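This report refers to the structure that appears directly beneath it.
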Amino acid sequence: MKKTVWEKLDEKDLVSVNDFAEEYRLFLSKSKTERTFVNHSVALLKEAGFKALEEINEVKPGDKIYAINRNKNICAFVMGKKDLIHGMNILGAHIDSPRMDLKQVPLYEKDGLALLDTHYYGGIKKYQWVARPMALVGVVCKKDGTTIEINIGDKPNDPVVGVSDLLIHLSAKQMEKKASTVVEGEQLDLLVGSIPNKEEKEPVKGYILDLLKRQYDIEEEDFLSAEIEVVPAGEARNYGLDSSMIMGYGHDDKVCAYTSLRALLETNDVERTSCCILVDKEEVGSQGNTGMQSRFFEDVIAILLDKQGYSKYVDLNQALTNSCMLSSDVSAAYDPNFPDVMEKNNASYLGCGICFNKYTGSRGKSGTSDANAEFVAKVRKVMDDHDITFQTCELGKVDAGGGGTIAYILANLNMEVLDAGIAVQNMHAPCEVVSKADIYEAYRAYIAFLRDMN
Ligand code: MN
Ligand code: MN
């Protein structure tokens, strides 16, 4: 067995681990979507003295700056004593998580019940998302330019919604099916109402539309320009009889995003500029104007460089080339219930510290940027200098499956990038599990990286 973080913690450390985990648990519970995560991140940044990029005229060492992209993607900086052209130490993670999204025309009535049609987002085992309480979180953007925030199902007295599953008594045929088809995408429709309004042609749907109009001032057509995410309802919970873990929705990758952001908030007085970038759309390929492939990040760097007097295209390239990054995303925690998919020497374990993956990918590392050995050696040194417990790992046995991250996108900008992250059980299920010791150790690792990588 690998040595765990727990073994080195004294009484004082344990208090720090538990306090930090509790702050994360509460943050995660109210930040289930990329939009809510950005909103709550901005609150933390402002509290720590960060200013919006638009408010800044000149950029000096020690300045704390953030930039928001379309309410779904955010980056923040602590400016170093050296100019930005000498490069940054960057922490990156994604803040979108697998879920179901309402379709554009979602509401319909069938056989006396009102339902909302969904299209799932990211890779999910669909059978895990039925017969459980769900919340609706998102925005409805109206033609008059106003935006209505929706959050139904998370407050203690809210109703919840959900997707039904077939009763076991009548499941003889369903139980014969393969797991991939036992619940199909078009069956992921939410039951949302059952009271008829006799005045209406479609009475149950009509009742729901009246209710939406009264409570939220939404018309049926307004769903056309809405983004409403269907996410597991309720708070993340302490997990295990010893409360050593947290079970909750969206650890992938909000556990890495939160710890990276908190590390930046702790950072002052650095030689090289520190940066944290949190992106949307990783679970569907990182494309689009709020994903890592967006020009947003480079544009913000160009603006900061310009404010330091560097405005040539080569200056931007130099700043990026001289940068280095920990691209953090969750790793697959070894699970004694499913040992066959792991190769034990190169697996990640709950409680054994921050994970470093030299490479990701599938079928012969396809899709990976593969960190350079020289850079991995430098990261190892910083971690050892700060007594950070880390483990190296890959996503399961060779050819068992695989997956990618945002690492290659920044590596393509010619900076050094290493995949890092926190081990998680039940990845992409409605309730994922992480170790509190790993959360705290990752946070410490990120602080060390921001301060001492050069
Ligand atoms: Mn992820
Ligand atoms: Mn994922």
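Observations, loosely collected:
- Filtered residues of the stretch 303-319 (kept if under 16 Å from A67 (Cα atoms) and either touching a residue at least 60 places away in the same chain (Cβ under 8 Å) or surrounded by 18 or more Cβ atoms within 10 Å (Cβ to Cβ) (or both)): I303, L304, L305, K307
- Candidates I74, I95 - the one that is closer than 28 Å to F356 by Cβ, under 16 Å from the mean Cα position of the chain (by Cα) and more than 16 Å from ligand 1 (Cβ to nearest atom): I74
- Residues that are touching a residue at least 24 places away in the same chain (Cβ under 8 Å) and more than 27 Å from D253 (Cα to Cα) were ranked within the stretch 123-167; the one that is surrounded by the fewest Cβ atoms within 10 Å (Cβ to Cβ) is K143.
- With respect to the conditions (1) in contact (Cβ under 8 Å) with a residue 40 or more places away in the chain; (2) under 17 Å from A437 (Cα atoms); (3) away from ligand 2 (no atom under 16 Å from the Cβ); (4) of a type outside the set (D, E, K, R), V255 falls short on a single one, namely (3).
- Checking each residue in the stretch 54-73 for being part of a loop (DSSP other than H, G, I, E, B) and under 24 Å from E34 (Cβ atoms) picks out R70, N71, K72.
- Near pairs, Cβ below 8 angstrom, 6+ apart or cross-chain, from the stretch 1-29 (basic (K, R)) to any residue that is assigned to a loop (DSSP other than H, G, I, E, B): K2/Y349; K2/C352; K3/C352; K3/T389; K8/D387; K8/T389; R25/E235; R25/A236
To keep it simple, each residue is scored yes or no on (1) more than 15 Å from L107 (Cβ to Cβ); (2) among the polar types (S, T, N, Q); (3) over 31 Å from the mean Cα position of the chain (by Cα).
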{"residue": "K155", "(1), (2), (3)": "yes, no, no"}
{"residue": "V160", "(1), (2), (3)": "yes, no, no"}
{"residue": "L167", "(1), (2), (3)": "yes, no, yes"}
{"residue": "S180", "(1), (2), (3)": "yes, yes, no"}
{"residue": "E199", "(1), (2), (3)": "yes, no, yes"}
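Condition check ((1) modelled with pLDDT of 95 or more; (2) more than 15 Å from ligand 1 (Cβ to nearest atom)) across all residues:
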{"position": "M383", "(1), (2)": "yes, yes"}
{"position": "T389", "(1), (2)": "yes, yes"}
{"position": "L395", "(1), (2)": "no, no"}
{"position": "G403", "(1), (2)": "no, no"}
{"position": "L413", "(1), (2)": "yes, yes"}
{"position": "E416", "(1), (2)": "yes, yes"}
{"position": "D419", "(1), (2)": "yes, no"}
{"position": "H428", "(1), (2)": "yes, no"}
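- T147 vs. criteria away from ligand 2 (no atom under 16 Å from the Cβ), of a type in the set (S, T, Y), modelled with pLDDT of 95 or more and farther than 11 Å from I228 by Cα: yes
- Taking the stretch 411-451 as the range and being within 16 Å of ligand 2 (Cβ to nearest atom) and among the β-branched types (V, I, T) as the test, the residues that pass are I422, V424, V433, V434.
- Condition check for G421: within 21 Å of the chain's Cα centre (by Cα) and more than 22 Å from W6 (Cβ to Cβ): no
- Matching helices (runs of 4 or more DSSP H) fully within the stretch 248-324 where at least 2 residues are away from ligand 1 (no atom under 16 Å from the Cβ) and charged (D, E, K, R): 296-307
- Subset of the stretch 1-31 (residues that are at pLDDT below 95 and out of contact with any strand residue (DSSP E or B) (no Cβ under 8 Å at 6 or more places or on another chain)): M1, K3
- Residues being in contact (Cβ under 8 Å) with a residue 24 or more places away in the chain and of a type in the set (D, E) - total across the stretch 35-67: 1
- Residue that is farthest from ligand 2 (Cβ to nearest atom), among those in the stretch 392-410 that are surrounded by fewer than 24 Cβ atoms within 10 Å (Cβ to Cβ) and in contact (Cβ under 8 Å) with a residue 60 or more places away in the chain: L410
- Restricting the stretch 86-112 to residues that are surrounded by fewer than 19 Cβ atoms within 10 Å (Cβ to Cβ) and not in a strand (DSSP E or B), the residue that is farthest from ligand 2 (Cβ to nearest atom): G112
- Of all residues in the stretch 110-131, those satisfying the criterion of being closer than 14 Å to E184 by Cα and under 20 Å from the mean Cα position of the chain (by Cα) are H119, Y120, Y121, G123, I124, K125, K126, Q128, W129.
- Residue match in the stretch 132-139 (condition: within 16 Å of ligand 2 (Cβ to nearest atom) and closer than 26 Å to L188 by Cβ): no
The values are calculated or read from the model by the stated rules, or taken from the named source; none is laboratory data. Quantities reported herein were computed from a predicted structural model and do not represent experimental measurements. Cβ: placed from backbone, ideal geometry, glycine included. Neighbour counts: every protein chain shown.
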